[in-house]
Amino acid sequence: MRRLLSALAVTGCLLTTFPAVSLAQQGFTLFSGVKGENQLPFRLDFGGQTNATDRYILRLPATKMKLAVAQFAITYPDYYKGSFDPKAVEVRVKEKGVPLSEVKWNKEGRIIEIFPEEPVPAGSKVELVLSNVQNPAFGGMFHFNCQVLSPGDVPMLRYLGTWLISIN
């Protein structure tokens, strides 16, 4: 009887950890150093495996888009050793592609700058899609920060939040 109860307890513990793992990619993370209200949702289309090609879909909820946006800037830490393809970057607003005037990837400055042709309206649900990303050879948790510049604004980027991207 004791063995049966022990086996049931261990099985129950194992089963309850699986939902937590799947929620992690949706943006639910404990002890990240980033406040919950600053964590942004994302999806890695190909699982976030080390040394593999992936597609990052970085989401900005409509509630975060308080002002129109003329520029998106994504910064990442110096220990992230992956690479990006500026020609394979898209911006989707309400699930429709937005024409871009320019995408710049500054490797040394660790920043990706995305310039839509027209400002993205305030209150829009936005997805920044980075295709052909080469994940780093070594895994870890990486803080990708989103900053934006509004049209007519003081030319200073404003912080919107952080995507906590885990590469296995």
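The values are calculated or read from the model by the stated rules, or taken from the named source; none is laboratory data. In this text the structure is predicted, and so the values were computed from the model without any measurement. Positions of Cβ are generated from backbone atoms using ideal geometry, with glycine treated the same way; all protein chains shown enter the neighbour counts. Note: accessible area is taken over every heavy atom of the protein model, side chains too, but ligands, DNA and RNA are not part of it. Shrake-Rupley method; radii C 1.70, N 1.55, O 1.52, S 1.80 Å.
For segment 62-84, the residues whose amide N sits under 11 Å from a probe point set 7 Å from the Cα of Gln134 along the beta carbon direction are 82-84.
Rounded to the nearest percent, how much of the accessible area of segment 85-161 (1.4 Å probe, protein heavy atoms only) is carbon and sulfur? After summing per-atom areas, the C and S share lands at 53 percent.
Using heavy atoms of the protein chains and a probe of 1.4 Å, the accessible area assigned to Lys125 is about 100 Å². The H on the amide N of Leu67, modeled in the peptide plane, is under 5 Å from the matching H of Gly123, each at least 5 residues off or on a different chain.
Can you sort Met156, Met65 by 1.4 Å-probe accessible area, starting with the largest?
Numbers: Met156 135, Met65 5 Å².
From most exposed to least exposed: Met156, Met65.
Given their separation in residues at 0.36 nm each and the Cα-Cα distance between them, His143 and Asp78 gain 22.4 nm when the chain is fully extended.
Mind checking which lysines have their C-alpha under 29 Å from Lys94, skipping anything on the same chain fewer than 8 residues away? Within the straight-line cut-off, Lys94 pairs with Lys35, Lys64, Lys66, Lys104, Lys125. For Thr63, put the label point 7 Å out on the Cα→Cβ axis and report which residues of segment 111-127 keep their amide N under 19 Å from it. The answer is 122-127.
Could you give the accessible area per residue of segment 56-168, probe 1.4 Å, as a whole number in Å²? Could you put the intermediate results ahead of the total?
On the way: 5580 Å² over 113 residues.
In whole numbers, segment 56-168 has 49 Å² accessible per residue.
Accessible surface for Lys104 stands near 90 Å², nearest 10, in the context of the full protein assembly shown (1.4 Å probe).
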